[in-house]
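Below is one structure, written out as structure tokens; comments come after it.
The values are calculated or read from the model by the stated rules, or taken from the named source; none is laboratory data. Source: prediction; values computed, not measured. Here the Cβ is made from the backbone with ideal geometry for all residues, glycine too, and neighbour counts use every protein chain on show.
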Amino acid sequence: MPSFVHEFPFDPSYGCTLEELSAIPAPSAPDGFADFWRARHEAARNVATEPEIGPLESERDGVRIHGVTFTSVGGVRLGGWLVLPSDGAVRQGFVVGHGYGGRQEPGPDVPLPLPAAAAILPCVRGMGARSLQAGIPDVSDGHVLHGIGSRDTYVIGDCVADLWCAASALHELVPELGPGGGAGVRGLGYLGESFGGGLGALALPWDDRFGAAQLTVPTFGNHPLRLTLPCAGSGESVRRYRRGHPEVTEVLRYFDAATAAGFLERPTLVAAALFDPSVPPPGQFAVHNALAGERELLVLSAGHFEHAGLADEVAALVAARTRFFGEWLGR
């Protein structure tokens, strides 16, 4: 197990060995779990996303990057980026989620895992300058509590829908990625880290447009366990809220990424950390352990933490991601 010098008032490894982490289960699904998510997915698929491409913002790594806007559930207009190959036909597509800090630019998600790929990098509602919404906090501690009193109003459900609508927008903007588009696509790829990893686990089981996914240090895994673990991330805000509102535990059962992973049959690569002050490792591993389809685990020594080996681990993750998507989505 890694040993890091830190100043957190708790142990970000939570005293767990890799063997113990690999045995952490997912909570059982509450009544109507699958029906709840399938209904939300159907509603999102019926949204007219009306995507619009903005001017070229940059060109690098063999791609052109444009701003993009599209409509999501509730008529909310969201922003983000559209990535297109500089030359040649599109052969693959990706939807790329973001962490709970939001997204101010495409950043390290470009270059994409496969050549000749297009991607949409949405900012979900309330997050990132391009998707700020009146009434929704843009800081993670407040955002994660928005609408949490009911499964029908919780913002996390709408953020999942934002990813589905982003996929619809990408298909409309790059029609060769859709059925009969002629690109020979084996489904979209999904990339998500931390917040985006948890959203991906919740979104992907219900959407057959995706062919494979890679989730890095995914959050929202095993809420009953997370509520017992102190952390420096958004989970701490939920822990504090739950002390005065114990009924929220029932709402959280419908937004458990590990529970959802039990319905996810697409090939999925999970990068999970042994030490993470922001997203407790037990929840990360619970997501991987519950996956119903082909799965692959890349163990990181730490997540959400600067350390001497970080550059090497990032390079190993990039290599694993490229190989993984090449195997499952490449032509």
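Find the residue count for segment 167-218, including only residues that are aliphatic (A, V, I, L, M), outside any strand (DSSP E or B) and farther than 30 Å from residue 277 by Cα.
Number of matching residues: 8.
Run down 9, 51, 27 and say which single residue is farther than 30 Å from residue 117 by Cα and crowded, with 18+ Cβ neighbours inside 10 Å.
27
Out of all the residues in segment 116-156, which are of a type in the set (Gly, Ala, Ser) and out of contact with any helix residue (DSSP H, G or I) (no Cβ under 6 Å at 6 or more places or on another chain)?
116, 117, 118, 119, 128, 129, 131, 134, 135, 142, 149, 150
Can you tell me which condition residue 312 does not meet? The list is (1) more than 24 Å from residue 10 (Cα to Cα); (2) in contact (Cβ under 8 Å) with a residue 60 or more places away in the chain; (3) part of a helix (DSSP H, G or I), and all the others hold.
With (1) more than 24 Å from residue 10 (Cα to Cα); (2) in contact (Cβ under 8 Å) with a residue 60 or more places away in the chain; (3) part of a helix (DSSP H, G or I) applied to residue 312, the lone miss is (2).
Which residue out of 40, 103, 77, 60 is within 26 Å of residue 140 (Cα to Cα) and at pLDDT below 95?
Just a single option satisfies the conditions, and that option is 103.
Give the residue that is surrounded by the most Cβ atoms within 10 Å (Cβ to Cβ), with candidates limited to residues of segment 65-90 that are in a helix (DSSP H, G or I) and in contact (Cβ under 8 Å) with a residue 60 or more places away in the chain.
73
Does residue 56 meet the test of being among the aliphatic types (A, V, I, L, M), without any contact (Cβ under 8 Å) to a residue 60 or more places away in the chain, out of contact with any Pro (no Cβ under 7 Å at 6 or more places or on another chain) and outside any strand (DSSP E or B)?
So residue 56 fails the test.
Give 287, 279 a once-over and let me know the one that is part of a loop (DSSP other than H, G, I, E, B), in contact (Cβ under 8 Å) with a residue 40 or more places away in the chain and touching a helix residue (DSSP H, G or I) at 6+ places or on another chain (Cβ under 8 Å).
Only one candidate qualifies: 279.
Look through segment 125-165, keep the residues that are part of a helix (DSSP H, G or I), touching a Gly at 6+ places or on another chain (Cβ under 7 Å) and aliphatic (A, V, I, L, M), and return whichever of them is surrounded by the most Cβ atoms within 10 Å (Cβ to Cβ).
Out of the qualifying residues, it is 163.
Could you please tell me which pairs satisfy a Cβ distance under 8 Å, a separation of 6+ or placement on different chains, a first residue in segment 5-30 that is in contact (Cβ under 8 Å) with a residue 40 or more places away in the chain, and a second residue that is of a type in the set (Asp, Glu)?
Close Cβ pairs satisfying both conditions: 12/276; 26/256; 27/256; 30/250.
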